[in-house]
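The values are calculated or read from the model by the stated rules, or taken from the named source; none is laboratory data. Since the model is a prediction, treat every value here as computed from it, not as a measurement. Reconstructed Cβ throughout: ideal geometry from the backbone, glycine too, with neighbour counts over all protein chains shown. The accessibility values were calculated without ligands, DNA or RNA, using every heavy atom of the protein model including side chains. Shrake-Rupley method; radii C 1.70, N 1.55, O 1.52, S 1.80 Å.
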Amino acid sequence: ASGVARENHHVYNGSAWVKEGYLHEPETATNLITYSNDFTATLWQDGTPTGSMAVTANALVSPSGLNDASKLVPTSTSLRPTTAYKATAPLITTWPFTSAVYAKKGEYDYLVTTVGAYASGFWAAFNLATGEVHSQPTDAESTAYIESVGSGWYRCWIVCTDGGSSERSLITPSVDGTITTNYTDTTSGIYIWGAQFEAGSVPTSYIPTDAGSTVTRAADTLTLPVAN
């Protein structure tokens, strides 16, 4: 509620909620992905060919503590990350901007995510087994980051300080951390949850959207009383 500090902010570690202290949002943020956790929605377009990625909803417990994470699996072994992915429609025309998603390893260890197109050099690979950025974007204006949120889940994001006129977010598994190796089968994949695409160079905490509309959260102002 307005005027009430979120002093009981908790993070689910896979078995219990752990108190993290105050949650303070540094700036107003809008999640431009209108279906942030429904990867079957029309907003999430496939790569070429259409239907290159199968999505199984409610496949695993997510960082929310609910069984609402999705599994992402390629539909053909003739595909690789450059042709098989889930991608939003173009969402943003100004920069800087930040694209983020939560991910956990499945049979594959690697998540590849990018903004724009693979050829632009914005793509990055994340090792979900070790919790490390496997490869940074080659674009000099883009940087990838990864943060553990417990129970094998990581929040992975890319910050772009320069970009094109209509950027979108892409998410896909990778066999070996590259975008050139074909998938080995049609049952292996990774788990994903809670995608966010927002203006600015700071990844704010997850803003859920599920009604086909963007959602905006105001910045927090923290005022400390002066002792007498």
(request) State whether one or more residues within segment 38-47 are over 14 Å from Ala103 (Cβ atoms), of a type in the set (D, E, K, R) and touching a strand residue (DSSP E or B) at 6+ places or on another chain (Cβ under 7 Å). (result) yes
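If you scan segment 187-211, which residues turn out to be open to solvent by 70 Å² or more (accessible area, probe 1.4 Å) and not small (Gly, Ala, Ser)?
Thr187, Pro208, Asp210
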(request) Can you give me the number of residues within segment 59-108 that are in contact with a Lys or Arg (Cβ under 9 Å, 6 or more places away or on another chain), β-branched (Val, Ile, Thr) and farther than 20 Å from Phe126 by Cα? (result) 1
(request) Being open to solvent by 10 Å² or more (accessible area, probe 1.4 Å) and not small (Gly, Ala, Ser) is the filter here, so list the residues in segment 93-107 that pass it. (result) Thr93, Thr94, Trp95, Pro96, Tyr102, Lys104, Lys105, Glu107
(message) Quick check on segment 156-168: of everything there that is part of a strand (DSSP E or B) and more than 19 Å from Ala59 (Cβ to Cβ), which residue is nearest to the chain's Cα centre (by Cα)?
(response) Trp157
(message) Between Thr184, Thr214, which is of a type in the set (Val, Ile, Thr), surrounded by 14 or more Cβ atoms within 10 Å (Cβ to Cβ) and on the phi < 0 side of the Ramachandran plot?
(response) Thr214
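To keep it simple, each residue is scored yes or no on (1) in a loop (DSSP other than H, G, I, E, B); (2) at pLDDT 95 or above; (3) in contact with a Ser or Thr (Cβ under 6 Å, 6 or more places away or on another chain).
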| residue | (1), (2), (3) |
| --- | --- |
| Thr114 | no, no, no |
| His134 | no, yes, no |
| Ile146 | no, yes, no |
| Tyr154 | no, yes, yes |
| Leu170 | no, no, yes |
| Thr187 | yes, yes, no |
| Trp193 | no, yes, yes |
(message) For segment 37-52, check the following and say yes or no: at least one residue is at pLDDT 95 or above, open to solvent by 50 Å² or more (accessible area, probe 1.4 Å), under 21 Å from Glu167 (Cα atoms) and within 15 Å of the chain's Cα centre (by Cα).
(response) yes
(request) List the number of the failed condition for Thr138; all other conditions in (1) in a loop (DSSP other than H, G, I, E, B); (2) β-branched (Val, Ile, Thr); (3) at pLDDT 95 or above hold. (result) (3)
(request) Write out, first by first residue and then by second, each pair whose Cβ atoms fall under 7 Å of each other, whose residues are 6+ apart or on separate chains, and whose first residue, in segment 130-149, is free of Cβ contacts under 8 Å to residues at least 12 places away in the same chain while the second is assigned to a strand (DSSP E or B) and crowded, with 19+ Cβ neighbours inside 10 Å. (result) Glu147/Tyr154; Glu147/Arg155
(message) Which pairs turn up if I take residues in segment 209-228 that are farther than 17 Å from Glu27 by Cβ and look for partners that are charged (D, E, K, R) with beta carbon separation below 7 Å, at least 6 apart in sequence or on another chain?
(response) Asp210/Asp38
(request) Can you confirm whether segment 79-87 contains a residue that is assigned to a strand (DSSP E or B) and open to solvent by less than 30 Å² (accessible area, probe 1.4 Å)? (result) yes
